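Just so it is clear, none of the values below were taken in a lab; they were calculated from the coordinates. The structure presented is a predicted model; accordingly, all values stated were derived computationally and were not measured. Ideal geometry is used to build each Cβ from the backbone, glycine not excepted, and the neighbour counts take in all protein chains shown.
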Amino acid sequence: MTDAQPIVLLLSGPNLNLLGEREPAVYGTATLDDHVALAAATAAGLGLSVEHLQSNHEGALVDAVHAARGRCAAIVVNPGALTHYSWALHDALAAFEGPVVELHLSNPNAREEWRHTSVVAPVATGAIAGFGGDGYRLAVEAVAHLLGPGRP
């Protein structure tokens, strides 16, 4: 961890690089860069910094969680489709010692039944879902709250 500002690792799973183009009726027209910028601006105002990684590859996200151990104060993860089946991501997040906030632009429980199960949820401190791009701000604010005034 840095002495100056605790780091929040923001992870974006498969296909999130297509935000702004892919199913705008479900995910909106903002790009992933727009969402990351909102998260970073929110974090800066709360004395936090954001590092972001988007990958379409499960192993890259697992490696990022491993590398965050002992270095990052918290993780915000939008796992995309990995939400529903990535036990590898589940296990990596379970080994992370700080708060984990699961994030979704849409509300998975209001969509197809196969989206109702999250294998990330059991190892997440909490979840933000269904608030569109504003969820990125809410997730960072939740992290700041969870870290509290005596931040690591």
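For this structure, a couple of remarks:
- Within the range 124-142, residues that are under 19 Å from L32 (Cβ atoms) have Cβ atoms under 6 Å from residues that are of a type in the set (S, T, N, Q) and in a helix (DSSP H, G or I) in these pairs: R137/T42; V140/T42, counting only partners at least 6 apart in sequence or on another chain.
- Within the range 1-18, being among the hydrophobic types (A, V, I, L, M, F, W, C) and closer than 19 Å to A127 by Cβ holds for V8, L9, L10, L11, L16.
- Scope the range 1-18; condition buried (at least 16 other Cβ atoms within 10 Å of the Cβ) and either among the charged types (D, E, K, R) or under 15 Å from the mean Cα position of the chain (by Cα) (or both); matching residues: I7, V8, L9, L10, L11, S12, G13, P14, L16, N17
- G47, sole failed condition from (1) crowded, with 19+ Cβ neighbours inside 10 Å; (2) touching a Lys or Arg at 6+ places or on another chain (Cβ under 8 Å): (1)
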